[in-house]
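Since the structure comes first, as structure tokens, the remarks are kept for the end.
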Amino acid sequence: MYYDSKAEKVPPVKDELLLESAISLAEKIRTKKITSEEVVRAYIERCKEVNGLINAVVESRYSDAIEEAKAVDALIENGIDVEKVKITQPFLGVPFTTKESNRVKGLIHSMGLLSRRNYRAEEDATAVRYLKEAGGIIIATTNVPELNLWTESRNNLYGQTNNPYNTTRTVGGSSGGEAALVAASGSPLSIASDIGGSTRMPAFFNGLFGFQPSEGLTPLAGIGLREKDYPDTMAATGPLCRKAEDLIPVLKVLMGSNVTKLKLDEPVNVKHLKVFYQESSGDLRASKVNRTMQTTLIKAVRHFRELTGSATKEKLGDNGVLFYPSAPFPPIYHYSAFLRPFNFGYWCLFNALRFPTCQVPLGLDKQGLPVGIQVVAAPYNDHLCIAVAKELEAAFGGWVPPS
């Protein structure tokens, strides 16, 4: 109780632009309803407003981003083929961020290590380059644990990142700075990475959508210390976002030609899906799921039972999804994860299995902390996860602002 008495949360959003999806912003920019400069400036001001509380942004490029936004506006003013740009540059003029461990040309790439504090990336990570080529404008990089190797986004170079819903709570890791900033409406879109829950854990703790795609489909060159892509790996890059409708457009950009290996545009009738669920990890070393998280999971299961009629015990196949707890508890206090190291298994299980998994927010608990579940599908059935994420967002409201 004493610790919670010190809790703060970020101030309410005043600019409605900061509540829109990335693809909605892109549509309005290319059709001249708003300018890229307006959007970029709005997000920069929000970053400045919230960063004193959450300590997410570690390096900014605000002036450069504004100039790039002005160039986008000039391009649009001179005339563009709107339908063509919608396909070739779906995020034209939209700001985005990425974690400091993902290389951004000219910015510090320390991975939270004091020994690398002066190292600047000479080129973009492939994933960052892809989103830039799709029209995105990077405005900042955000905090990570040292070498991306822990569940608390803290290091001796940048300090500790705090949860925008309650600053005494963790943001998770390793994409914790990204998740905190996106949840606080300081960024509409993020490139994260996941090798043991590094996208989904922070997404859960900060009430966002976070997606780990099927293995080998997204680029890893420039992510962490990797110099090239690895087709056989548990690691993947993927999006963090507030709105489920942003998931597929971002994945299409990140996957490049690999997108043909998935069925992202295939319609999904969620009423015909097989739905399975598990209420706990079953690992005696890990914490049991508490009542709040159990209730959250069961709400989602009941909703889908009403849609589908019943769940079966057959394998997932090409028409099944698994609902799995995101964690035993809603966001925990800073550093308390050290006392429960095996809870890491709730996330890394699906990296090991190479299954696509989507973290889905399901609102807030009575304390105003985010809750949610993971939705899992068989390999290369990523579209099922996303279809279910959209259905759950419609049913339960999805992301809820911190204030």
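Only bridges whose two residues both fall in the chain count here: according to DSSP, what percent of them are antiparallel, nearest 5?
On the way: 30 of 41 bridges.
Counting only bridges with both partners in the chain, antiparallel ones make up about 75 percent.
Considering the Cα trace of the chain, what is its radius of gyration and what is Dmax, both in angstroms?
Radius of gyration, then largest Cα-Cα span, for the chain: 19.6, 63 Å.
Taking the Cα centre of the stretch 34-87 as origin, sum charge times position over the Cβ atoms of Lys and Arg (+1) and Asp and Glu (-1), and report the length of that vector in debye to the nearest 20. Present the calculation step by step, with values, prior to reporting the outcome.
Numbers: 7 positive and 12 negative charges, 37 e Å.
Here the size comes out at about 180 debye.
If the limit is 24 Å between Cα atoms, which of 33/390; 48/84; 243/271; 132/228; 99/243; 6/48 go over it?
33/390; 48/84
Using just the alpha carbons, could you tell me how many Å³ per residue the convex hull of the stretch 136-229 encloses?
Spread over its residues, the Cα hull of the stretch 136-229 gives 103 Å³ apiece.
Suppose we look only past 23 Å in the calculated P(r) of the stretch 9-131. What percent of the Cα-Cα pairs does that tail hold?
39
Would you kindly calculate the translational diffusion coefficient of the stretch 46-90, applying Stokes-Einstein with the Kirkwood radius from alpha carbon pairs, for 10 °C and a viscosity of 1.306 mPa s, and quote it in µm² s⁻¹ without decimals?
122
Using the Karplus curve 6.51 cos²θ - 1.76 cosθ + 1.60 with θ = phi - 60°, work out ³J(HN,Hα) for each residue of the stretch 160-170 in order, rounded to whole Hz, and write x for Gly and Pro.
3J(HN,Hα) across the stretch 160-170, in whole Hz: 9, 8, 10, 6, x, 7, 6, 5, 7, 9, 6.
Where in the chain are the DSSP H helices whose alpha-carbon span along the long axis reaches 15 Å or more and whose Kyte-Doolittle mean is at least -1.0?
36-54, 62-77, 291-308, 382-396
Using +1 at the C-beta of Lys and Arg and -1 at the C-beta of Asp and Glu, which of 62, 79, 383 has the Cα lying farthest in the positive direction of the dipole of the chain?
Towards the positive end, the residue furthest out is 383.
Going by how many other beta carbons lie within 10 Å of each one, how would you line up 369, 353, fewest first?
353, 369
How big is the charge dipole of the chain about its Cα centre, in debye rounded to the nearest 20, if each Lys and Arg gets +1 on its Cβ and each Asp and Glu gets -1 on its Cβ?
920
Please report, for the Cα atoms of the stretch 68-213, the Rg to one decimal and the Dmax as a whole number; what are they, in angstrom?
Spelled out, the Cα radius of gyration and Dmax of the stretch 68-213 are 16.0, 49 Å.
Report relative contact order for the chain in percent, whole number only (criteria: Cα-Cα under 8 Å, sequence separation at least 6).
Relative contact order comes out at 16 percent.
Each value in this text was obtained by applying a stated rule to the coordinates, not by laboratory testing. Quantities reported herein were computed from a predicted structural model and do not represent experimental measurements. Quick reminder, even Gly has a Cβ in these numbers, built from the backbone with ideal geometry, and neighbours come from all protein chains shown.
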